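**Student:** Dumping the structure here so I can ask a few things about it.
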Amino acid sequence: MVLNGTCDFLITKSPEMLTIIAPVITIVEAQKENLNLGLGQCIAEMIAARIFNQKEGNNISTIYGAITSGTNWRFWQLQKQNIIIDLTEYYLNQIHLIMGILTASLTS
């Protein structure tokens, strides 16, 4: 499988900003403010993160992804061959929930 492209945003467990050790969250910028248009890109980025981890010897069982317009957020998980979708759309006024999900993703 060949994946090409640029990752919009990546959150990693690496303590250094310029080193990618174990990417656990990929974040896709929504196209035209439509979160559904970013689904394919988000899945591709999660698969790429998994491939990167495997090449580095990091067998992370769950890869996390998010699609955002900046004000609206949707979250996804890649577990083996399954995409798990959080059906809730989170809004910027729920920043405590958004930050909680992102933080929990880093600690799992």
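The values are calculated or read from the model by the stated rules, or taken from the named source; none is laboratory data. Since the structure is predicted, the reported quantities are computational estimates derived from the model, not experimental observations. Heads up, the Cβs are rebuilt from the backbone with ideal geometry, glycines too, and the neighbour counts pull from every protein chain shown. In case anyone asks, the SASA skips ligands and DNA or RNA and just uses the protein heavy atoms, side chains included. Shrake-Rupley method; radii C 1.70, N 1.55, O 1.52, S 1.80 Å.
**Student:** Quick one: length gained pulling residue 72 to residue 29 fully straight, 0.36 nm per residue minus the C-alpha distance?
**Tutor:** Length gained, residue 72 through residue 29: 14.4 nm.
**Student:** Give me the percent of accessible area attributable to carbon and sulfur for the chain, probe 1.4 angstrom.
**Tutor:** Carbon and sulfur together cover 57 percent of it.
**Student:** Also, quick follow-up: How long is the gain from residue 16 to residue 61 if the chain were fully straight, where each residue apart is worth 0.36 nm and the alpha carbon distance is subtracted?
**Tutor:** Working it through step by step, the gained length comes to 13.9 nm.
**Student:** Who wins for biggest fluctuation among 71, 26, 12 in a Gaussian network model of the chain, springs between alpha carbons below 10 Å?
**Tutor:** Result for the chain, Cα springs under 10 Å: 71 fluctuates most.
**Student:** I would also like to ask the following. Which value, in Å² and to the nearest 10, is the accessible area of residue 29 when all protein chains are kept and the probe is 1.4 Å?
**Tutor:** So the heavy atoms of residue 29 present about 100 Å² to solvent.
**Student:** What are the trypsin sites (Lys or Arg not before Pro) within the stretch 28-108 that DSSP puts in a loop, where the Cβ has at most 12 other Cβ atoms within 10 Å?
**Tutor:** 32, 80
**Student:** In terms of Cα to Cα distance under 30 Å, which lysines are near enough to residue 55, apart from those fewer than 8 places away along the same chain?
**Tutor:** Within reach: 13, 80.
**Student:** For a quick check, take a GNM of the chain with Cα springs below 10 Å and name the residue from 38, 65, 57 with the largest mean-square fluctuation.
**Tutor:** Taking springs between Cα atoms under 10 Å, the residue moving most is 57.
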